[in-house]
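K.L.:
Dropping a structure here in structure tokens format, bear with me for questions.
The values are calculated or read from the model by the stated rules, or taken from the named source; none is laboratory data. This is a predicted model, so every value here is computed, not measured. Using ideal geometry, Cβ is built from the backbone for each residue, glycine included, and neighbour counts are taken over all protein chains shown. Just so you know, the surface numbers come from the protein's heavy atoms only, side chains and all, with ligands and any DNA or RNA stripped out. Shrake-Rupley method; radii C 1.70, N 1.55, O 1.52, S 1.80 Å.
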Amino acid sequence: MDLLEMLKHRRSVREYTGAPIPKEQLEKILAAGLLSPSGRSRKPWELVIVQNRDMLKELVKCREGAANMLEKAGCAILVFADPEKTDVWTEDCSIVMSNMHLMADSLGLGSCWIQGRLRKAQNSMTTEEFCRQLLQVPKRYQLEAILSVGVTEKHPDPHSLEEAELNKVHNEIWEQ
Ligand SMILES: Cc1cc2nc3c(=O)[nH]c(=O)nc-3n(C[C@H](O)[C@H](O)[C@H](O)COP(=O)(O)O)c2cc1C
């Protein structure tokens with residue numbers, strides 16, 4: 001499959017069977033993230049993998065309704081960064097998230113981005129504080145996002161090329 005076909009097939013998958021993720025597949029997803037480019041090659045990221053079912057259920061509470069898919073996920077991959085390493089850590093970590101998301105889809109697994117930065121947990125904490133406390137992450141690390149990964153129960157239909165909004169492309173000048 002060429003890359004454009006993969007990009008069309010990629011969807012946010014939120015329905016999983018609850019089965020664990022095979023070790024070799026998880027390793028490929030992590031490698032896809034860790035091979036990402038980063039500003040000045042600073043690689044500010046740190047990844048925390050959660051596979052324990054009780055912990056996954058607890059992690060659902062990191063958001064007010066936007067992380068329910070973790071209940072039946074095979075794992076969660078939390079992407080933290082050390083902002084002292086670079087001022088473009090959010091960009092760097094977004095690429096890590098995106099590459100892992102794509103890798104999961106290419107392996108036939110479902111995954112979904114769960115926003116961590118600038119979001120609130122079900123208690124009065126921020127999503128970042130909640131995750132840091134639950135997973136004992138040192139204070140200097142900030143949370144970008146969480147990737148839920150699961151064995152797909154239901155994959156939404158692929159995107160079509162017609163959905164690409166070509167009117168957002170401006171040739172030479174921003175003509176109306
Ligand atoms: C920055 C970002 C934050 C997102 N946050 C969440 C989230 O917190 N929970 C969720 O279920 N989906 C989240 N998504 C997934 C989007 O809802 C999804 O990409 C969008 O609806 C388009 O659907 P598609 O990915 O299937 O093409 C996020 C996606 C991005 C890129």
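K.L.:
For the range 111-119, what does the Karplus curve 6.51 cos²θ - 1.76 cosθ + 1.60, with θ = phi - 60°, yield as ³J(HN,Hα) per residue in whole Hz, taken in order and with x for Gly and Pro?
P.N.:
Each residue's phi maps through the Karplus curve to give 8, 8, 6, 10, 5, x, 5, 6, 10 Hz.
K.L.:
Okay, next question. Whole number in Å², please: accessible area per residue of the chain, 1.4 Å probe, ligands, DNA and RNA not counted. Walk me through the numbers on the way to the answer.
P.N.:
Values: 10210 Å² over 176 residues.
Value for the chain: 58 Å² per residue.
K.L.:
Please work out the FRET efficiency for the pair Glu24 and Val169, using the Cβ-Cβ distance as r and a Förster radius of 45 Å; give the result to the nearest 0.05. Before the final figure, lay out each step's value.
P.N.:
Working: r = 39 Å, r/R0 = 0.87.
The value I calculate is 0.70.
K.L.:
Short version: ³J(HN,Hα) in whole Hz for each residue of the range 92-98, in order, from phi by Karplus 6.51 cos²θ - 1.76 cosθ + 1.60 (θ = phi - 60°), x for Gly and Pro, what are they?
P.N.:
4, 6, 5, 5, 4, 4, 5
K.L.:
What does the charge dipole of the range 20-176 about its Cα centre add up to, to the nearest 20 debye, if the Cβ of each Lys and Arg holds +1 and the Cβ of each Asp and Glu holds -1?
P.N.:
Numbers: 19 positive and 23 negative charges, 154 e Å.
For the range 20-176, the charge dipole is close to 740 debye.
K.L.:
Can you find, among Leu134, His159, Val169, the residue sitting farthest towards the positive end of the charge dipole of the range 131-176, where Lys and Arg contribute +1 and Asp and Glu -1 at Cβ?
P.N.:
Checking the options against the dipole of the range 131-176, the answer is Leu134.
K.L.:
Pulled fully out, how much extra length does the chain show between His155 and Ser12, if you take 0.36 nm times their separation in residues and subtract their Cα-Cα distance? The partial results should precede the final answer.
P.N.:
Numbers: separation 143, 0.36 × 143 = 51.48 nm, distance 0.81 nm.
Net length gain for the segment: 50.7 nm.
K.L.:
For Arg63, list long-range residues whose amide hydrogen, built 1.01 Å from N in the peptide plane, is under 5 Å from its own amide hydrogen.
P.N.:
It is Gln122, by chain and number.
K.L.:
Amide H neighbours of Thr126 under 5 Å, at least 5 residues apart or on other chains, H built in the peptide plane: list them.
P.N.:
Excluding prolines and chain starts, which carry no amide H, the hits are Ala121.
K.L.:
Continuing with this model, one more query. Could you point to the residue in Cys62, Met100, His9 farthest towards the positive end of the chain's charge dipole, with +1 and -1 charges on the Cβ of Lys/Arg and Asp/Glu respectively?
P.N.:
Going by the Cα projections, it comes out as Cys62.
K.L.:
Continuing with the same structure: So how exposed is Cys93, as accessible area in Å² (1.4 Å probe, rounded to 10)?
P.N.:
Surface accessible to solvent at Cys93 totals approximately 0 Å².
K.L.:
Taking Cα pairs under 8 Å and at least six residues apart, what relative contact order does the chain come out at, in percent? Intermediate values should be presented prior to the final figure.
P.N.:
Details: 324 pairs, mean separation 59.8, N = 176.
Relative contact order here is 34 percent.
K.L.:
Go ahead and set up a Gaussian network model of the chain, Cα springs under 10 Å, then flag whichever of Asn52, Asn99, Asn68 fluctuates most.
P.N.:
Taking springs between Cα atoms under 10 Å, the residue moving most is Asn52.
K.L.:
State, as an integer percentage, the relative contact order of the range 93-143 based on alpha-carbon contacts under 8 Å between residues 6 or more apart. Kindly include the intermediate steps, with their values, before the conclusion.
P.N.:
Values: 29 pairs, mean separation 10.9, N = 51.
Relative contact order, the range 93-143: 21 percent.
K.L.:
Moving on. Which trypsin sites (Lys or Arg not before Pro) in the range 79-159 sit in a loop by DSSP (not H, G, I, E or B) and have at most 13 other Cβ atoms within 10 Å of their own Cβ?
P.N.:
Numbers: sites: Lys85, Arg117, Arg119, Lys120, Arg132, Lys139, Arg140, Lys154; in loops: Lys85, Arg117, Arg119, Lys139, Arg140.
Here the trypsin sites (Lys or Arg not before Pro) that fit, given the DSSP loop and packing criteria, are Lys139, Arg140.
K.L.:
Could you give the nm distance between label points at Glu129 and Arg42, where each point is 7 Å from its Cα heading toward the beta carbon?
P.N.:
2.6 nm
K.L.:
Do any GluC sites (Glu not before Pro) in the range 59-96 lie in a DSSP loop with no more than 16 other beta carbon atoms within 10 Å, and if so, which? Before the final figure, lay out each step's value.
P.N.:
Numbers: sites: Glu64, Glu71, Glu84, Glu91; in loops: Glu64, Glu84.
Qualifying residues, ordered by number: Glu64, Glu84.
K.L.:
Select from Glu165, Glu58, Glu15 the residue whose mean-square fluctuation is largest in a Gaussian network model of the chain (Cα-Cα springs shorter than 10 Å).
P.N.:
Glu165
K.L.:
Working out 0.36 nm times the residue gap between Lys139 and Glu64, then minus their Cα-Cα distance, what length gain in nm do you get to one decimal? Walk me through the numbers before you get to the answer.
P.N.:
On the way: separation 75, 0.36 × 75 = 27.00 nm, distance 2.26 nm.
Extra length available between Lys139 and Glu64 comes to 24.7 nm.
K.L.:
Amide H neighbours of Gly116 under 5 Å, counting only residues 5+ apart in sequence or on other chains, H built in-plane at 1.01 Å?
P.N.:
Ala145, Ile146
K.L.:
Could you check the spin-label model distance between Glu162 and Asp54? Points 7 Å from the Cα along Cα→Cβ, value in nm.
P.N.:
Each label point lies 7 Å from its Cα, and together they span 5.1 nm.
K.L.:
Percent of accessible area on the chain owned by carbon and sulfur, 1.4 Å probe?
P.N.:
Values: 5140 of 10210 Å².
About 50 percent, which is the carbon plus sulfur part of the accessible surface.
K.L.:
Continuing with this model, one more query. Largest first and in whole Å, give the semi-axes of the range 1-69's equivalent ellipsoid, each being the square root of 5 times a Cα gyration tensor eigenvalue.
P.N.:
Details: eigenvalues 118, 71, 41 Å².
Values for the range 1-69, descending: 24, 19, 14 Å.
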